[in-house]
Amino acid sequence: MANKWVYMFSEGDMTMRNLLGGKGANLAEMSSIGLPVPQGFTITTEACTQYYEDGRKINDEIMAQAMEGVKKMEEINGKKFGDLKNPLLVSVRSGARASMPGMMDTILNLGLNDQVVAAMIAGNPDPKFERFVYDSYRRFIQMFSDVVMEVGKKYFEQLIDKMKEQKGVKFDVELTAADLKELANQFKEEYKNQLGEDFPSDPVVQLKLAIEAVFRSWDNPRANVYRRDNDIPYSWGTAVNVMPMVFGNLNDESGTGVAFTRDPATGEKKLMGEFLKNAQGEDVVAGVRTPMPIAQMEQEFPEAYKQFVEVCKILEDHYHDMQDMEFTVENKKLYMLQCRNGKRTAQAALKIACDLVDEGHKTPAEAVAMIDPRNLDTLLHPQFDAAALKAAQAIGKGLGASPGAACGKIVFSAEDAEAWKARGEKVVLVRLETSPEDITGMKAAQGILTVRGGMTSHAAVVARGMGKCCVSGCGDIVMDEENKKFTLAGKTFHEGDEISIDGTTGKIYDGIVPTVDATIAGEFGRIMAWADEFRKLKVRTNADTPADAKKARELGAEGIGLCRTEHMFFDPERIAAFREMICSDTVEEREEALNKILPYQQSDFKALYEALEGNPVTIRFLDPPLHEFVPTEEADLKKLAAAKHKTVEEVKAICDSLHEFNPMMGHRGCRLAVTYPEIAKMQTKAVIRAAIEVKKAHPGWNVKPEIMIPLVCEIKELKFVKKIVVETADAEIKAAGADLEYEVGTMIEIPRAALTADEIAKEADFFCFGTNDLTQMTFGFSRDDAGKFLGAYYDQKIFESDPFARLDQTGVGKLMKMAIDLGKPVNPKLHVGICGEHGGDPTSVEFCHKIGLNYVSCSPFRVPIARLAAAQAAIANK
């Protein structure tokens with residue numbers, strides 16, 4: 001037998017999702033359990049792939065099997081395609097493996113033409129029936145033109161509006177049969193006018209074009225964006241479902257509806273939905289007329305309603321999950337047109353999962369596996385009030401880089417953000433892009449909006465770490481930082497104007513949209529407790545302040561996987577001393593300047609150890625290039641010159657000499673410690689002294705500092721820096737007469753470190769993958785600039801997702817696996833973690849589980865996501 005491209009609904013079931021798509025598999029499943037489904041057929045997802053391979057053409061074999069399907073459908077339904085006595089009309093709908101609501105296309109009432117319409121009307125003298133036929137015909141022409149031939153909807157909507165105006169009516173329903181007949185003719189004229197050919201009257205031609213249109217819609221821009229956001233591979237393709245029409249717009253004994261077996265917003269166990277009398281499905285979804293709540297259907301169609309409630313119970317008991325269903329009533333008879341596991345909010349997801357366990361539908365492991373970890377994000381941040389958001393008009397859109405809702409007055413610099421906050425104002429910081437010294441302003445702001453930068457830009461990473469709302473990369477903003485204003489959507493915004501940003505969707509609103517506080521309900525705790533039982537990976541956090549560490553501990557973090565010490569240097573008193581160190585001429589001068597910083601660093605580390613109560617803390621030594629610390633303002637330059645007894649020109653010359661062509665690959669990380677060992681000495685003293693102090697105060701705690709040397713690429717380099725650390729640390733411990741264990745490990749963030757991990761493991765107590773840098777150096781593109789060209793890579797399907805947001809398992813992942821496979825045999829005690837942004841991305845966490853990492857570390861608000869993802873990885877890979 002040649003390839004089987006077409007399956008009748010009677011030939012499939014719900015296990016065939018990959019081949020038949022979600023909708024097709026569920027229609028087949030509903031048929032097999034005896035529910036009222038109009039009997040049709042599904043063209044497989046493989047046919048979609050074939051369509052693209054054949055240069056966007058449907059080959060003869062597929063089309064022949066589709067027509068064979070039509071023939072069987074005619075036999076089952078007793079009607080014939082294109083027949084004048086008893087015509088079969090069909091709907092053509094898309095249906096991918098994963099549910100993609102509203103992303104692809106549907107055509108209803110296919111098979112109508114002038115002859116069929118005339119014959120149908122001649123066979124039924126009821127004037128209401130005539131109106132129904134013309135209503136179906138004009139809808140078909142409109143949908144076919146829009147979806148199949150890509151003539152914009154608007155032309156037809158303008159014609160409808162004009163007709164309603166002429167007739168002095170407000171709703172489509174009030175137009176008569178004659179009006180609709182006239183409209184159908186106008187639509188055909190418009191079709192010819194736009195495309196230069198007549199509307200196709202042959203039903204077989206209509207069907208072929210419609211099937212092509214559904215396959216084509218798999219590659220439309222909105223579907224591509226949705227897939228990238230929801231991790232759906234392009235290679236999956238979509239199936240096409242062809243089924244006989246049932247008419248909700250036949251008469252007042254008919255109607256159509258959409259319903260959920262539980263409330264998708266709250267998870268409450270009650271039937272939720274909407275029903276519209278004398279209408280087709282698109283009317284409910286498109287919101288053209290206001291539907292009635294599903295409960296009212298009971299008064300209008302008591303038998304159909306009773307049957308529908310039974311169907312809901314059958315489906316929930318069968319699928320063991322909340323169902324989203326589309327149905328039609330024709331002449332009081334119920335037909336099911338679709339069912340799927342319903343989309344739901346994070347709150348609803350947790351409640352439904354717990355309820356399903358309590359009702360005996362699911363085991364705790366299944367409940368943990370059914371929640372999308374990415375959704376948890378929204379639970380932990382303030383959210384916009386749903387009703388207010390519906391009413392608000394977005395003026396622009398960037399990337400939803402860090403979830404949450406923020407509104408406040410616009411400020412353009414970190415200093416202003418702090419100053420305004422100090423006087424009690426709520427602000428949104430708007431910048432071209434942010435840099436490390438903006439961190440205080442970012443803290444002070446409700447949210448951050450940037451013109452440049454992607455999902456892993458500085459602004460995005462830092463904001464996620466703080467649990468701050470951030471929208472990055474809104475390129476439509478025309479920025480004028482100098483004069484403190486920007487233009488967006490034709491309006492100029494000045495400092496102090498009010499704005500709202502949604503870090504989940506990336507949308508920007510003019511004015512204040514009211515917010516509600518996030519509430520973490522009891523279900524959250526239950527699901528997390530189950531997740532912790534199943535997972536093997538430990539979850540740590542990236543935290544630089546006691547406040548972040550405390551927050552992460554509340555959210556379940558089991559240690560700090562990355563403390564970035566440089567963030568502690570930007571405090572005004574410390575930065576001055578550090579700048580003096582940079583401008584020093586001798587080791588002694590450098591040590592003198594560093595000694596001023598030592599007590600600050602020590603108290604920082606002490607506070608972190610105290611917040612973690614004996615859980616592990618990994619402290620990364622200074623990483624950024626020195627030029628990030630030098631002053632740019634004239635006043636700061638003068639201050640530094642006075643402190644160092646130099647002229648302003650001399651200081652400027654030192655600062656300029658530090659600028660590099662490619663700072664990401666420049667004088668940074670452990671290279672600083674090789675040039676200026678005194679930096680590593682000072683940081684080691686601070687770490688060890690703080691640890692001794694805390695251990696003394698809390699003898700019961702297991703205080704064991706983990707010192708992490710960044711950016712190592714060569715064993716001799718690590719040996720050199722480690723020797724400084726060990727000598728300094730041992731001297732401190734001896735001088736204090738203390739008993740303290742510590743570890744010295746390294747970041748693996750340069751490909752050469754992964755390739756020579758067997759060497760490096762001899763000197764390292766642990767590895768931690770810095771996957772932000774490792775991704776950057778493996779791909780050879782800068783994460784700050786990649787956003788400029790990655791768009792083209794998505795369009796051309798070269799990349800399907802942002803390698804900085806989702807770990808590249810084929811390349812970067814191979815280096816990680818190699819480093820573990822090389823390192824562990826040399827050093828069996830080696831423990832391994834990851835502390836790039838990828839530590840909070842669910843697919844990346846699953847990969848970390850598979851290759852045998854000990855822990856993942858992520859920003860505080862992503863800790864629950866990582867805990868859940870780690871549990872799901874353990875359940876899936878049992």
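The values are calculated or read from the model by the stated rules, or taken from the named source; none is laboratory data. Predicted, not measured: the structure shown is a model, and the values here were computed from it. FYI the Cβ positions are ideal-geometry reconstructions off the backbone, even for glycines, and counts take in every protein chain you see. All accessible areas refer to the heavy atoms of the entire protein, side chains included, with ligands and DNA or RNA removed. Shrake-Rupley method; radii C 1.70, N 1.55, O 1.52, S 1.80 Å.
When residues in the stretch 486-496 are screened for being touching a residue at least 60 places away in the same chain (Cβ under 8 Å) and either more than 30 Å from Asp802 (Cβ to Cβ) or assigned to a loop (DSSP other than H, G, I, E, B) (or both), 5 of them pass.
Considering the conditions (1) under 21 Å from Pro382 (Cβ atoms); (2) charged (D, E, K, R); (3) at pLDDT 95 or above, Asp548 is excluded by exactly one of them, (3). Confirm whether Arg56 is at positive phi, in contact (Cβ under 8 Å) with a residue 60 or more places away in the chain and open to solvent by 20 Å² or more (accessible area, probe 1.4 Å). For Arg56, the condition - at positive phi, in contact (Cβ under 8 Å) with a residue 60 or more places away in the chain and open to solvent by 20 Å² or more (accessible area, probe 1.4 Å) - is met. Residues that are small (Gly, Ala, Ser), in a helix (DSSP H, G or I) and either open to solvent by 10 Å² or more (accessible area, probe 1.4 Å) or modelled with pLDDT of 95 or more (or both) within the stretch 811-840 comprise Gly813, Ala819, Gly823, listed in sequence order. Determine if the stretch 506-523 includes at least one residue that is assigned to a helix (DSSP H, G or I), among the hydrophobic types (A, V, I, L, M, F, W, C) and surrounded by 21 or more Cβ atoms within 10 Å (Cβ to Cβ). No - not one qualifying residue is present in the stretch 506-523.
Take the conditions part of a helix (DSSP H, G or I), out of contact with any Lys or Arg (no Cβ under 6 Å at 6 or more places or on another chain) and among the hydrophobic types (A, V, I, L, M, F, W, C) and apply them to Ala25. Does it pass? Taking the combined requirement at face value, the residue does not satisfy it. Every condition in (1) part of a loop (DSSP other than H, G, I, E, B); (2) among the β-branched types (Val, Ile, Thr); (3) farther than 24 Å from Ser94 by Cβ holds for Val151 except the one numbered (3).
Mind checking which residues of the stretch 632-664 are within 39 Å of the chain's Cα centre (by Cα), without any contact (Cβ under 8 Å) to a residue 40 or more places away in the chain and in a helix (DSSP H, G or I)? Passing the criteria: only Pro663.
Every condition in (1) out of contact with any helix residue (DSSP H, G or I) (no Cβ under 7 Å at 6 or more places or on another chain); (2) open to solvent by 30 Å² or more (accessible area, probe 1.4 Å); (3) within 29 Å of Pro631 (Cα to Cα); (4) aliphatic (A, V, I, L, M) holds for Met466 except the one numbered (1). For the subset of the stretch 543-591 comprising residues that are more than 31 Å from the chain's Cα centre (by Cα) and among the acidic types (Asp, Glu), which member is surrounded by the most Cβ atoms within 10 Å (Cβ to Cβ)? By that ranking, first place goes to Glu580.
Cβ-Cβ distances below 8 Å connect the following pairs, each with a first residue in the stretch 159-184 that is in contact (Cβ under 8 Å) with a residue 60 or more places away in the chain, a second residue that is outside any helix (DSSP H, G or I) and surrounded by 14 or more Cβ atoms within 10 Å (Cβ to Cβ), and a separation of six or more residues or different chains: Phe171/Arg289; Asp172/Val288; Asp172/Arg289; Val173/Asn278; Val173/Arg289. Taking the stretch 782-828 as the range and being among the basic types (Lys, Arg) and in contact (Cβ under 8 Å) with a residue 60 or more places away in the chain as the test, the residues that pass are Arg783, Lys797, Arg806, Lys824. Scanning the stretch 531-568 for residues that are part of a helix (DSSP H, G or I), acidic (Asp, Glu) and touching a residue at least 24 places away in the same chain (Cβ under 8 Å) yields a count of 4.
When Thr843 is tested against (1) farther than 19 Å from Ala805 by Cβ; (2) open to solvent by 20 Å² or more (accessible area, probe 1.4 Å); (3) of a type in the set (Val, Ile, Thr), only condition (1) is not met.
Among the residues of the stretch 748-781, just one is over 14 Å from Leu711 (Cβ atoms), without any contact (Cβ under 8 Å) to a residue 40 or more places away in the chain and β-branched (Val, Ile, Thr), namely Thr778.
Count, please, the residues in the stretch 386-415 that happen to be among the basic types (Lys, Arg) and either at positive phi or within 21 Å of the chain's Cα centre (by Cα) (or both).
2
Hey, does the stretch 352-370 have a residue that's of a type in the set (Lys, Arg), farther than 23 Å from Met100 by Cβ, surrounded by fewer than 17 Cβ atoms within 10 Å (Cβ to Cβ) and in contact (Cβ under 8 Å) with a residue 40 or more places away in the chain? So far as the stretch 352-370 goes, no, none of its residues is of a type in the set (Lys, Arg), farther than 23 Å from Met100 by Cβ, surrounded by fewer than 17 Cβ atoms within 10 Å (Cβ to Cβ) and in contact (Cβ under 8 Å) with a residue 40 or more places away in the chain.
Counting only residues that are assigned to a helix (DSSP H, G or I) and under 19 Å from the mean Cα position of the chain (by Cα), the stretch 781-795 holds 6 of them. Of all residues in the stretch 108-137, those satisfying the criterion of being open to solvent by less than 20 Å² (accessible area, probe 1.4 Å) and more than 19 Å from Met243 (Cα to Cα) are Val117, Phe132, Asp135. Listed by first and then second residue, the pairs with beta-carbon distance under 7 Å, at least 6 apart or on different chains, first residue in the stretch 123-136 and aliphatic (A, V, I, L, M), second open to solvent by less than 10 Å² (accessible area, probe 1.4 Å), are Val133/Val117. The number of residues in the stretch 615-647 being crowded, with 16+ Cβ neighbours inside 10 Å and either within 19 Å of Pro705 (Cβ to Cβ) or acidic (Asp, Glu) (or both) comes to 11. What are the residues in the stretch 27-36 that are touching a residue at least 60 places away in the same chain (Cβ under 8 Å) and open to solvent by 10 Å² or more (accessible area, probe 1.4 Å), if any? Once the filter is applied, which keeps residues that are touching a residue at least 60 places away in the same chain (Cβ under 8 Å) and open to solvent by 10 Å² or more (accessible area, probe 1.4 Å), the stretch 27-36 yields Glu29, Ile33, Leu35, Pro36. Exactly one residue out of Val845, Val856 is modelled with pLDDT of 95 or more and assigned to a strand (DSSP E or B), and it is Val856. Per the listing Lys85, Lys80, Lys72, the residue uniquely surrounded by 15 or more Cβ atoms within 10 Å (Cβ to Cβ) and touching a residue at least 24 places away in the same chain (Cβ under 8 Å) is Lys72. Pairing residues of the stretch 515-530 that are more than 18 Å from Cys469 (Cβ to Cβ) with residues that are at pLDDT below 90 and surrounded by 13 or more Cβ atoms within 10 Å (Cβ to Cβ), at Cβ distances under 7 Å and at least 6 apart in sequence or on separate chains, gives Ala521/Gln347; Phe524/Leu379. Only one of the numbered conditions (1) without any contact (Cβ under 8 Å) to a residue 60 or more places away in the chain; (2) of a type in the set (Ser, Thr, Tyr); (3) surrounded by fewer than 17 Cβ atoms within 10 Å (Cβ to Cβ) is violated by Ser435, and that is (1). Highlighted here are the strands (runs of 3 or more DSSP E) found entirely within the stretch 171-288 that include at least 2 residues which are within 30 Å of Asp841 (Cα to Cα) and open to solvent by less than 30 Å² (accessible area, probe 1.4 Å): 238-244.
Please specify each residue of the stretch 762-810 satisfying the condition of being of a type in the set (Asp, Glu), open to solvent by 60 Å² or more (accessible area, probe 1.4 Å) and out of contact with any His (no Cβ under 9 Å at 6 or more places or on another chain).
Of everything in the stretch 762-810, those that are of a type in the set (Asp, Glu), open to solvent by 60 Å² or more (accessible area, probe 1.4 Å) and out of contact with any His (no Cβ under 9 Å at 6 or more places or on another chain) turn out to be Asp785, Asp795, Glu800.
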